[in-house]
Amino acid sequence: MVSTCTPVTEEGRHVFEIVGYSKHRGMGHDAFIRSGTFSVGGHHWVIRFHPDGYLSSSAKVGNGATADFISVYLQLLSKDAKVRASCDLSLVVQNTGLSTSVHKTGPRIFHQGQISAFAPQTNVFMKTSELEASGYLQNDHLTIKCVVTVMMEPQVATTEFLNKIDLPPPSIIENLGSLLETEEGADVRFSVGGETIAAHRLVLAMRSPVFKAELYGTMMEGRSQLVTIEDMQPAVFRALLHFIYTDSLPDMVDHEGDAVIEMIRHLIVAADRYAVDGLKLICQSILCEKLNVMTVGTTLALAYQHNCDRLKDACHEFLTASNVMDIVIATPGYKNLKTTCPSALADAFEKAMKRRKT
């Protein structure tokens with residue numbers, strides 16, 4: 001008999017948007033702004049932001065004076081609770097949506113009602129001069145992201161018998177990926193942006209009803225050994241084929257930051273064009289995670305143009321739940337949205353009005 005103890009954790013994320021950062025300065029070192037309450041692991045938490053820094057009583061700088069740093073804390077609110085947890089506090093670069101960890105606190109006990117209810121234990125989160133010179137603060141807007149991991153009761157399992165045969169993991173995905181890479185048995189070729197890409201008719205038809213109609217239907221492509229693909233980059237078509245064969249996205253080591261987002265947008269267009277719904281859903285999920293004031297306008301237009309309902313809902317929620325419209329209106333994505341998809345703005349305005357009434 002063998003027993004196994006496995007750790008069990010629950011992770012939660014909260015993003016705290018601070019609009020009009022400069023207007024919160026000058027309140028004094030005892031003053032703070034508190035985020036909305038969020039729940040992780042069955043307990044309630046908040047983020048506390050001290051725009052003038054938090055100072056102990058022995059280091060006060062005078063009523064209404066400011067320190068040369070800001071202070072940010074995660075606070076446990078659940079009454080009389082003792083919770084073992086870790087946290088990662090980050091700042092988000094406004095023009096990319098990427099975040100950088102500033103303070104990590106390893107697993108420790110948070111005890112409500114005591115100083116241990118707060119993390120980190122240091123007062124200095126970041127120097128004010130460093131913050132104001134960085135990309136974290138733009139258009140007087142600051143975004144704090146907090147990831148909380150709560151350690152739950154470990155799971156203990158007992159195994160009665162050891163006489164079992166370990167089975168190998170499924171290999172069909174790996175085999176199909178190798179088939180695409182080696183081009184063995186390929187029976188159709190595509191001309192895409194001046195490049196020739198080989199594939200297998202049966203695999204494409206099995207995964208895409210559009211390819212099935214083109215390659216086995218009455219259309220010209222069904223009788224042709226070379227099919228021309230218009231209005232698509234070779235890298236995007238290769239990524240589409242990679243998903244069709246392996247049910248996963250390729251590694252995007254050649255893309256960083258905005259280039260990754262742009263590739264995902266192109267893949268949504270390709271997935272919609274060839275009715276590859278799984279790829280379309282994965283790309284929507286990625287763009288939802290990348291939403292920020294700089295990308296929401298362009299992303300919303302894309303969602304309307306290619307019938308991405310979940311992505312559309314996420315954009316509307318971002319616009320109505322965050323007080324960021326003044327910033328969004330100044331972005332190129334918003335200006336393009338006004339021209340290409342005015343109905344999206346009408347829907348966003350209607351949802352915002354309904355939200356205010358409730």
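The values are calculated or read from the model by the stated rules, or taken from the named source; none is laboratory data. Keep in mind the model is a prediction, meaning the values are calculated, not measured. All Cβ positions, glycine included, derive from the backbone under ideal geometry; neighbour counts span all protein chains shown.
Within segment 237-259, if we keep just the residues that are in contact (Cβ under 8 Å) with a residue 24 or more places away in the chain and within 16 Å of the chain's Cα centre (by Cα), the residue that is nearest to Thr196 (Cα to Cα) turns out to be Leu249.
Across segment 206-231, what is the total count of residues that are of a type in the set (Gly, Ala, Ser) and at pLDDT 95 or above? Residues that pass the stated criteria total 1.
Within segment 242-290, the only residue that satisfies the criterion of being in a loop (DSSP other than H, G, I, E, B), of a type in the set (A, V, I, L, M, F, W, C) and farther than 27 Å from Ser171 by Cβ is Ala275.
Can you work out which of the residues in segment 99-109 that are surrounded by 15 or more Cβ atoms within 10 Å (Cβ to Cβ) and in contact with a Cys (Cβ under 9 Å, 6 or more places away or on another chain) is farthest from Thr149 (Cα to Cα)? In this case the residue turns out to be His103.
Which residues, taken from segment 116-135, are aromatic (Phe, Trp, Tyr) and either closer than 16 Å to Arg84 by Cβ or at pLDDT below 90 (or both)?
Within segment 116-135, Phe118 is the sole residue that qualifies.
Taking each residue of segment 88-99 that is at negative phi and outside the structural domain of Ile70 (by TED's automatic domain parsing) and looking for partners that are of a type outside the set (Asp, Glu) and part of a strand (DSSP E or B) with beta-carbon atoms closer than 9 Å, six or more apart or interchain, yields nothing. Residue count for segment 1-40 satisfying the condition of being assigned to a loop (DSSP other than H, G, I, E, B) and charged (D, E, K, R): 2. Of the residues in segment 274-307, how many are modelled with pLDDT of 95 or more and of a type in the set (Phe, Trp, Tyr)? Counting residues in segment 274-307 that are modelled with pLDDT of 95 or more and of a type in the set (Phe, Trp, Tyr) gives 1.
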